[in-house]
Amino acid sequence: MGLDTNGVKLLLHAKQLDVNFRKVITIGRQVLFLKEKELRSMLLQAGLGDAYKRGPFPVHSHAEPFLSLLGSEATDSLDASAYEGASLIHDLNKPLPEELFSRYSLVIDGGSLEHVFNFPTAIKNCMSLIEEGGYYIGITPANNFLGHGFYQFSPELYYRIFSEANGFEVIKMYLYRDRKGTSFYEVHDPLDLQQRVIMANSEASFLFVLAQKRVAKELFVTTPQQSDYEHIVWNNRPGGSSPGKGRKRSSKFGKIQRQMANLFRRHLRQMGDSNPAFVRKIKLDLSAGK
């Protein structure tokens, strides 16, 4: 479990979005996997160069010193065993003790939950750790990680988990390829688009999920449902809507969307992604004060 160049860049980006790093817990003890010059360059861009210069700040070591640069006063780590020196030992397949609830301003999963068989319990545990107003960051496998863990995850899953019904809101969700110098694409909510967000490409790809706990609520009182199926239930029309189509859109909206898809189809093939209506290419700005 660790943070590579893209993972570090995304955490610095989260800092620029005013994510509260005051008290962090990582799921699994995280290690920094990047070159020193890459780390130095990103920290300078983010306005953290002076802190870096005070060092020492070794790469290929545990991430607690890096997280302290982002504002962490105390960083815990949670794992099923003590082999990497985690500060808390607990099997996420099982519910957490309530004394750990609402302790942290930020939970970071840098690539652990795909290895936990009982994912609903594991994600509920992560959500329970977060204080009101706190944040969850997940850097998790999306496409082409077959065999890496038990699961690969979809945007739909995280949009439905971090929902108003559970007291959460998704702040940002990005898709990116597992390579240096990659581009980042903001992923839209299938519920807003009224259709399934389907991504298909030929490269290993990750999702970055940033969500905030707006208000403390009992979690999963209602089991999350895929948005297009949920719509069928809402309208009490079994079989009345085809899964994936959602609510009927105006012909004008449909025409505009088709024109956009045609406009970017050639670029789409080069990207290897599925539909430009589902994502928007963005620039991650790490500049201090942004």
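Just so it is clear, none of the values below were taken in a lab; they were calculated from the coordinates. Just so it is clear, the structure is predicted and the values come from calculations on it, not from any experiment. Cβ coordinates were reconstructed from backbone atoms using ideal geometry, including for glycine residues, and neighbour counts include every protein chain displayed.
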task = Take peptides 88-97, 217-226 and line them up by average Cβ neighbours within 10 Å, highest first, as a rough protection proxy.
result = 88-97, 217-226
query = Between Thr223 and Val31, what is the label-to-label distance in nm when each label sits 7 Å out along the Cα-to-Cβ direction?
reply = 3.9 nm
request  = For the stretch 29-105, build the charge dipole from Cβ charges (+1 Lys, Arg; -1 Asp, Glu) around the Cα centre, then report which of Ser72, Gly47, Gly85 sits farthest towards its positive end.
outcome  = Gly47
key: Note, ³J(HN,Hα) from phi for the stretch 180-196, Karplus 6.51, -1.76, 1.60, rounded to Hz, x at Gly and Pro   = 5, x, 5, 8, 10, 10, 6, 9, 7, 6, x, 5, 6, 7, 6, 6, 6
request  = Before anything else, pin down the relative contact order of the stretch 1-85: Cα pairs under 8 Å, at least 6 apart, normalised by residue count, whole percent.
outcome  = 41 percent
note = Which of Lys9/Lys53; Lys53/Lys180; Lys9/Lys213 exceed 21 Å between C-alpha atoms? The answer is Lys53/Lys180; Lys9/Lys213
Selection from Leu175, Asn144, Cys126 lying farthest towards where the dipole of the stretch 121-178 points positive, charges on Cβ = Asn144
ask   = Where does each of 135-146, 186-197 land if you order them by average Cβ count within 10 Å, highest first?
value = 135-146, 186-197
task = Counting only C-alpha contacts under 8 Å and six or more residues apart, can you give the relative contact order of the stretch 75-197 as a whole percent?
result = 16 percent
request  = Determine the dipole magnitude for the stretch 2-227: charges of +1 sit on the beta-carbon of Lys and Arg, -1 on that of Asp and Glu, nothing else is charged, the reference point is the Cα centre, and the result goes in debye to the nearest 20.
outcome  = 540 debye
query = So how many Å³ per residue does the convex hull of the Cα atoms of the stretch 2-227 work out to?
reply = 123 Å³
message = Going by amide H atoms built from the backbone, whose H comes under 5 Å of the H on Phe184, apart from near neighbours?
response = Ile282
query = Between Tyr83 and Ser68, what length comes free when the chain is fully extended (0.36 nm per residue of separation minus the Cα-Cα distance, one decimal in nm)?
reply = 3.1 nm
query = Using a simple spin-label model with points 7 Å from Cα along the Cα→Cβ vector, what separation in nm is obtained for Glu169 and Lys283?
reply = 2.7 nm
